[in-house]
Every structure is written in structure tokens, then in C-alpha cells.
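Participant: I have a structure I would like to understand better, so I am pasting it below and will then ask my questions one at a time.
The values are calculated or read from the model by the stated rules, or taken from the named source; none is laboratory data. Only a predicted model underlies this, so the values are computations on that prediction, with no experimental measurement involved. All Cβ positions, even for glycine, are placed from backbone atoms using ideal geometry, and neighbour counts span all protein chains on display.
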């Protein structure tokens, strides 16, 4: 569903923001504003920064997933390779729509390599065969 940009921008300028009831004590929290057609979400520490706009049904689904624990870091898409060593040095893989991500498990915030699914399959075949 396309968002009406002009009315959303006007509404954002005058929106009433409220902090999440699950905000942390360190001030790290999100704020929400219910607009006509969407729910806007922003970082409370950066109120002039970017806003995430979600259709109301998507916002409800996100809230349900957060409450149930389905949208927490525990469900990170990154998984350690089955061939990881005991020293903790290994790669992690993640499946994304149309791509496979690869990252260093010791630097999860560092660079990531994204491969098409076919390229990832070919790479895995070559690694297994040693070529």
C-alpha cells in the first residue's frame, strides 16, 4: 500500500510522540506516533533523525512479535557454520530473500559479504571439494 507522502510529512511535523512502555533505563528507546494511515517509529535520542513508517497492520504484527519474543536478537538470522573451530573463529551465515550473507563471527558489526543463492551454492561446493 503506497503511503500518501504529503499528508504523512505534514502529520509528522505535528505528531504527538510517545515513548515505548518497554523503554530501557539508559534512555535507549523508541517513540511512536499514530498517523492517519501509518505508525511512525523513531529513536528517542535522535528525534530529528529518520523515521520508520509502518502500515498499521504491520505495526500491530511487529508489536505482537516483540511481545512474544519473536523479534528479538535471539532470532537473529545469523548462524555459525557447522564447521566452526573450538577457538571461536568462524564464519556465520544468514539467509535473506534472494541472498546469503557471510560475516566473521568475532566481528558481527563488521563487514558482510552477500552472495546470490546460486553463488553461495557454488562456493559451498568448491569448499567441500577443496577446489
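Participant: On the basis of being buried (at least 17 other Cβ atoms within 10 Å of the Cβ) and touching a residue at least 12 places away in the same chain (Cβ under 8 Å), does residue 45 make the cut?
Facilitator: Details: buried (at least 17 other Cβ atoms within 10 Å of the Cβ): no; touching a residue at least 12 places away in the same chain (Cβ under 8 Å): yes.
No.
Participant: Also, quick follow-up: Going residue by residue through the range 54-69, is there one that turns out to be at pLDDT 75 or above, farther than 30 Å from residue 123 by Cα and either in the same structural domain as residue 121 (by TED's automatic domain parsing) or in contact with a helix residue (DSSP H, G or I) (Cβ under 9 Å, 6 or more places away or on another chain) (or both)?
Facilitator: Initial filter on the range 54-69 (at pLDDT 75 or above): 54-64.
Those left that are additionally farther than 30 Å from residue 123 by Cα: 54-64.
Applying the additional criterion that residues be either in the same structural domain as residue 121 (by TED's automatic domain parsing) or in contact with a helix residue (DSSP H, G or I) (Cβ under 9 Å, 6 or more places away or on another chain) (or both) yields 54.
Yes, the conditions are met somewhere in the range 54-69.
Participant: On to the next question. So residue 45 ticks every box in (1) under 30 Å from residue 20 (Cα atoms); (2) at pLDDT 85 or above but one. Which box is left unticked?
Facilitator: Status for residue 45: all satisfied but (2).
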